[in-house]
1. Among (1) modelled with pLDDT under 90; (2) more than 22 Å from residue 353 (Cα to Cα); (3) in contact with a helix residue (DSSP H, G or I) (Cβ under 9 Å, 6 or more places away or on another chain), where does residue 278 come up short?
2. Going through the range 300-311 one residue at a time, which ones are surrounded by fewer than 19 Cβ atoms within 10 Å (Cβ to Cβ) and either modelled with pLDDT under 85 or out of contact with any strand residue (DSSP E or B) (no Cβ under 9 Å at 6 or more places or on another chain) (or both)?
3. Taking only the range 443-461 into account, find how many residues are touching a helix residue (DSSP H, G or I) at 6+ places or on another chain (Cβ under 8 Å) and either at pLDDT 85 or above or surrounded by 17 or more Cβ atoms within 10 Å (Cβ to Cβ) (or both).
4. Hey, does the range 274-288 have a residue that's over 22 Å from the mean Cα position of the chain (by Cα), assigned to a helix (DSSP H, G or I) and over 24 Å from residue 395 (Cα atoms)?
5. Please verify whether residue 199 is more than 30 Å from residue 448 (Cβ to Cβ) and either at pLDDT below 80 or surrounded by fewer than 18 Cβ atoms within 10 Å (Cβ to Cβ) (or both), treating the condition exactly as stated.
6. Under 28 Å from residue 445 (Cβ atoms) and modelled with pLDDT under 85: is that true of residue 321 in this structure?
7. Please enumerate the residues belonging to the range 397-424 that are within 17 Å of residue 215 (Cα to Cα), modelled with pLDDT under 85 and in contact with a strand residue (DSSP E or B) (Cβ under 6 Å, 6 or more places away or on another chain).
């Protein structure tokens, strides 16, 4: 709904109604009506134009423009207002249209402009097998916004060359979302914004995302007795005895990480401190390496190593849920503290920062999209280790807990927060600033979330279930 998307901008910018009203040069009551949903204007109304201008002006003057750009996936200041408008209204315009998965949209668009895998791969500078996996639905560029933008630009340019813009308008149902110019022609710039948004609709609704998370927690049963092979089978002596100080590219990063974790295990290190805002392809695309990484992390935890990780979840709630679900088995051990940084990351450079205090540290900084050409530094000297420990402590000062987990259950009635809700074997307490999820079935767990986007999503999910299901209501008995 429009009001949820408007309020989403207030949340990510951490700004109030009065401040945006001042930047928008309108009354606070005008903004309040938009936020509450009591007023539902069209996309070209004066109030929406002023609201969007207020967001942009506030973000520009408070060094938060990159947050807006990350949210709408447009990195051009001249296009940001049109992109925000499209973001606000795209759901309303598409509500009666079947939502296609990305690979089907890609196939339809490539068929429209008659472009081959090979030609498109050359235009966006990736291997043609990459495009093939996109088209089959095996992979998607969701986690790689720079590649996604190159894909959109290349496809749109090809459509223009083939003189098939009218067919594109029909394909993405853009006519109802666009305003004709004085010559009764759809502006090409605005059509590209619509096309970009249509291709970018990767995510499920927030209700579906929260429902999936709750289902994962409800059925979660960790296997603590999993067999882990000896470390010698996972990390060769050539890697553990390597004395290099610089590793090159993705393969180099993988070798450095294996050496790093092996060191932590053999030294029975008390703590690991992990941060990276570069893409996760270096891990997720290599199943063999990912299996080794998971086994080594499990060894660290069995050794009693506590792990602090600052997740990179700057863009949307989907990233948060993905991080929480993928790390849930490790969270359940009680040996991991997870955080998110309150300051947004940039879009030009990517950083990696893995620290085993007093033992080793992997660091890297390179332009986005150059992971495979990046240089990954491996430090073991005390000067660098002390310096990077201070750096990580500084990051933690600007971070909040993403999820805290404890074994056993709490009485929700003792939390003195309301309302209560239930979901299968889960009981929830939801407030604007905190969500507590209690799992009463074995293994019993209590999870607490405080991130504003998560709290808002849980609240919306609760209200939605209130409307459609008596199973999920404020009068459910707390455990």
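The values are calculated or read from the model by the stated rules, or taken from the named source; none is laboratory data. Fair warning: this is a prediction, and the values are worked out from it, not measured in the lab. Note: ideal-geometry Cβ built from the backbone for every residue, glycine included; neighbour counts use all protein chains shown.
1. (2)
2. Within the range 300-311, 302, 303, 304 meet the criteria.
3. 11
4. Scanning the range 274-288 turns up at least one residue that is over 22 Å from the mean Cα position of the chain (by Cα), assigned to a helix (DSSP H, G or I) and over 24 Å from residue 395 (Cα atoms).
5. Details: more than 30 Å from residue 448 (Cβ to Cβ): yes; either at pLDDT below 80 or surrounded by fewer than 18 Cβ atoms within 10 Å (Cβ to Cβ) (or both): no.
So residue 199 does not fit the description; no.
6. Yes: the conditions hold for residue 321.
7. Going through the range 397-424, the residues within 17 Å of residue 215 (Cα to Cα) turn out to be 403, 405, 421-424.
Subsequent filtering for residues that are modelled with pLDDT under 85 retains 421-424.
Scanning the range 397-424 gives a single hit, 421.
Each row is one residue, and each column tells you yes or no for (1) in contact with a helix residue (DSSP H, G or I) (Cβ under 6 Å, 6 or more places away or on another chain); (2) surrounded by fewer than 16 Cβ atoms within 10 Å (Cβ to Cβ); (3) at pLDDT 90 or above.
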residue	(1), (2), (3)
26	yes, no, yes
33	no, no, no
36	no, yes, no
42	no, yes, no
46	no, yes, no
50	yes, no, yes
54	yes, no, yes
59	yes, no, yes
65	yes, no, no
